[in-house]
Amino acid sequence: MLNASLRAVRPVALRVTRSAQLSAIRALSTTSAVRSDHPPPPAIFGPGAKPGELATDEQQATGLERLQLLAEMQGVDAFDKAPLDSSRVGTLEDPIKVFSLDTERLVGCTGSPADSHDIHWFQLRKDKNRRCPECGSVYALDHQGHSDVHHH
Amino acid sequence: MLSINNLNRSDFQYHPYHLVTPSPWPLMISISLFCFVIGAVLYMHGYPYSLVGATFRLGFINTAATMYFWLTDVTNEGTLNGDHTKEVVKGLLIGFLLFLVSELFVFVSVFWAYFHSSLVAAIEIGGIWPPLAIIALDPYGIPLLNTIVLLSSGSTVTMGHHAVLKRDRRYSIWGLLLTIILAIFFTGLQYFEYVNATFTIADSVFGSVFYCSTGLHGLHVLVGTGMLLSSFVRLVNYHFTDSHHQGLESGILYWHFVDVVWLFLYVAVYYWGGL
């Protein structure tokens, strides 16, 4: 599984996280942050274009754009854009798992099958399963990120 | 090159969208545009230069400067920070296309005014079009040359775009440079024609609608030239890749839009309206 393999290198990850948090406390504009004496290093970058040559995305894409590209090259989707499993109603014994990199995630339930009822939004936290007040489907957070991260 | 396997997935956001951070530029552009518009209105209503000059210039300089700072931010976010994922680029494209649709309807309204006044000419202007005693411009003179210049610039910009897609840096730079030169040549010819025209914006509805339509088009040519110029600078500075160059694509779309509007202007205002 991609996510399991991604969690392999912890030290690099911690360093990148720190720089990401630094850039969160940013100056008024992106440009001044990039041009400052201590710009946050791009988390990932390629070799760049050769002089006199027009680059490809593989050579030049950086940051999140590069993550998406690398994931595509491996045949996986870097982002989860698919709807949650609505083929069944989640139960306390067997709740619907909600993948999350944060300790909480906003969930919208429309019942089973999908669109059976109006959408109900609720905050799903790591330590507590939640039940949809409309159809009773139970959801559980499948937390896969750092336990100490709490930014944004 | 780092492989995705060596990265911790939770160090990156789990959605592809770019949630922008606080920025001073939306507020700055609002203040600048307000100042710019007030200055323009005061100028058009003949207020003293001591009042108008400062307001108008401050508005213009602030608008231009804020545009520069804001667009530099967007450029850095996309090129240096890698915030522009495929989904973000798609959003930028759709946003620009919607903007073009709104632009299209601005021109529709101007053409509506033109046909309203010209198809059934009022008795006050002699019941004819062009109005009595108005000497319209010769459509086979500079306007025809301008048509050729703009169509040529459309082909050079296409050459530049195809060179970008084929990763030919040399020809893409030449294509864009030629387009910009032709664009400036067009603006120069329009200026020459405005200066030498026998009628002014105050000479009947013909003058008003002529300068409003061709002037609005001329402003769009200036903006399009600016977009192509910024794309040129970014191309020279290695910002674009063969598959990610949305700034350039938007500029090209805008340029073709300006091109098509000119063809309608030439046929309706210069040719049909001038004979």
remark   = Final fewest-first order of B:ARG234, B:ARG57 on the 10 Å Cβ neighbour count is B:ARG57, B:ARG234
request  = Name the lysines eligible as straight-distance cross-link partners of B:LYS90: C-alpha to C-alpha under 29 Å, and not fewer than 8 places from it in the same chain.
outcome  = A:LYS50, A:LYS81, B:LYS166
message = Please give me the summed charge of the neighbours of A:LEU141: other residues whose Cβ is under 11 Å from its Cβ, Lys and Arg +1, Asp and Glu -1.
response = +2
request  = Can you tell me the 0 to 90 degree angle between the C-alpha axis of helix B:169-196 and the longest principal axis of chain B, rounded to 10?
outcome  = 20
key: Calculated P(r) of the protein assembly as shown - Cα pairs past 29 Å, %   = 61
query = Going by average Cβ neighbours within 10 Å, how do the peptides B:64-73, B:254-263 rank, with the highest at the top?
reply = B:254-263, B:64-73
request  = Write out the cysteines belonging to the protein assembly as shown for which the nearest other cysteine Cβ is not under 4.7 Å, or none if no such cysteine exists.
outcome  = A:CYS135, B:CYS35, B:CYS212
request  = Over the alpha-carbon set of the stretch A:82-151, work out the extent along each principal axis and list the three values in angstrom, largest first.
outcome  = 37, 23, 21
ask   = Using bins 5 angstrom wide from zero, how does P(r) for chain B break down, in % of all Cα pairs?
value = 1, 5, 10, 12, 14, 15, 13, 11, 8, 5, 3, 2, 1, 1, 0, 0
message = Please report the net charge: other residues with Cβ closer than 14 Å to the Cβ of B:VAL164, K and R +1, D and E -1.
response = 0
key: Fraction of antiparallel bridges per DSSP, the protein assembly as shown only, in percent to nearest 5   = 60
ask   = How many partner chain Cβ atoms sit within 10 Å of a residue's Cβ in peptide B:14-27, on average, as a whole number?
value = 4
key: Length released on extending from B:PHE185 to B:HIS256, taking residue separation times 0.36 nm less the Cα-Cα span   = 23.9 nm
ask   = Once phi is turned into θ = phi - 60°, what whole-Hz ³J(HN,Hα) does the Karplus curve with 6.51, -1.76 and 1.60 give for every residue of the stretch A:80-92, x standing for Gly and Pro?
value = 9, 10, 7, x, 5, 5, 10, 6, 8, 8, x, 10, 4
query = Where a Cα-Cα gap under 18 Å defines reach, which aspartates and glutamates qualify for B:LYS86, not counting those fewer than 8 residues away within the same chain?
reply = A:ASP57, A:GLU58, A:GLU65, A:GLU72, A:ASP77, A:ASP80, B:GLU77, B:ASP242, B:GLU249
task = Just need the relative contact order of chain B here, percent rounded to a whole number, with Cα pairs under 8 Å and 6+ apart.
result = 19
query = Cα axis of helix B:25-44 to longest principal axis of chain B: angle in degrees, 0 to 90, nearest 10?
reply = 10
ask   = According to a simple spin-label model (label point 7 Å from Cα along Cα-to-Cβ), what is the distance in nm between A:LEU106 and A:GLU72?
value = 2.7
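Find the Cα radius of gyration of the stretch B:113-219, compare it with 2.2 N^0.38 Å by division, and give the number to two decimals.
Output field value: 1.41.
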request  = For the stretch B:25-118, state what percent of all Cα-Cα pairs lands in each successive 5 Å bin, counting from 0 Å until the bin that includes the largest distance.
outcome  = 3, 12, 12, 12, 17, 16, 13, 9, 5, 3, 0
query = Residues of the stretch A:78-105 with amide nitrogen under 15 Å from the 7 Å Cα-to-Cβ point of A:ASN129?
reply = A:88-99
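Readers should treat all values here as calculations from the given coordinates under stated rules, not as data from a laboratory. What you see is a predicted model; the values in this text were computed from it and never measured. Here the Cβ is made from the backbone with ideal geometry for all residues, glycine too, and neighbour counts use every protein chain on show.
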